[in-house]
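Each value in this text was obtained by applying a stated rule to the coordinates, not by laboratory testing. Predicted model, so just to flag it, every value in this text is computed and none were measured. Here the Cβ positions follow ideal geometry from the backbone for every residue, glycine too, while neighbour counts run over all protein chains shown.
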Amino acid sequence: MKINVIIIDKKGKDQLYAPLIEHYKKIAKPFAKVEVIELFDKEIAKAQDISPEAAQRSYTRALGKYLSGGVNIALDPSSKEVDSFEFSKLLKDSVTVNFYIGGAYGFERDFLSKCNKAVSFGKITLSHKLVKVVLLEQIFRGLTINNNHPYHK
Ligand SMILES: C[S@@+](CC[C@H](N)C(=O)[O-])C[C@H]1O[C@@H](n2cnc3c(N)ncnc32)[C@H](O)[C@@H]1O
């Protein structure tokens, strides 16, 4: 199984969280190959200076090319809240699952409508860097639930 975490973020800038991210990728290996794909370019930087709408459009442009392969799940604070057991079901019976983390201005409605599902980790807004860590822990937890591994107990 392949799990891609696709995030609007500058490459290699999160040294604070990098060891945790590597940790979760490593311990998930017996169950799935987890890859983190960071996307950021001049167009996104420029759009973020123009308006929230322009920023969201630039995120859709960057993320959109990944939508064609696998099950697509956006992380969106205003969508349906899921607990860890519901979350684990998102990982069941799929060859490829793509998770999307938005930039500072969140997602365009149009992008969310193209995903198979949008889920929330609660009403609080987490920084995109912190969401990445929380998501990776939940991915590992979900994989252990699905594989009956004691970690989730
Ligand atoms: C700084 S937040 C953006 C906040 C933006 N105002 C919004 O409503 O989406 C950056 C990204 O982190 C993710 N995120 C932050 N808090 C979240 C939560 N509670 N549940 C799910 N995703 C969250 C989302 O993918 C969001 O696009």
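In table form, for the structure just shown:
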{"quantity": "Radius 14 Å from Cβ of Asp76, net charge of other residues (Lys, Arg +1; Asp, Glu -1)", "calculated": "+2"}
{"quantity": "Rounded to whole Hz, the Karplus (6.51, -1.76, 1.60) HN-Hα couplings of the range 63-68, x for glycine and proline", "calculated": "7, x, 5, 8, 5, 6"}
{"quantity": "Under 5 Å, built H, 5+ apart or other chain: amide partners of Leu39", "calculated": "Ile7, Ile8, Asp9"}
{"quantity": "Structure-based [θ]222 nm, the chain - -39500 (n - 2.57) summed over DSSP H runs of at least 4, per residue, nearest 500", "calculated": "-12500 deg cm²/dmol"}
{"quantity": "Proximal charge balance of Ser120 [Cβ under 12 Å; K/R count +1, D/E count -1]", "calculated": "-1"}
{"quantity": "In sequence order, calculated HN-Hα J values of the range 142-149 (Karplus, 6.51, -1.76, 1.60; Hz; x Gly/Pro)", "calculated": "x, 5, 6, 4, 5, 9, 6, 9"}
{"quantity": "Semi-axis lengths (Å, descending) of the ellipsoid that matches the C-alpha gyration tensor of the range 15-127", "calculated": "24, 17, 15"}
{"quantity": "Val71 long-range amide H proximity, modeled H, under 5 Å", "calculated": "Thr96, Val97, Asn98"}
{"quantity": "Modelled FRET efficiency - R0 22 Å, Ile124 with Tyr17, Cβ distances, 0.05 increments", "calculated": "0.80"}
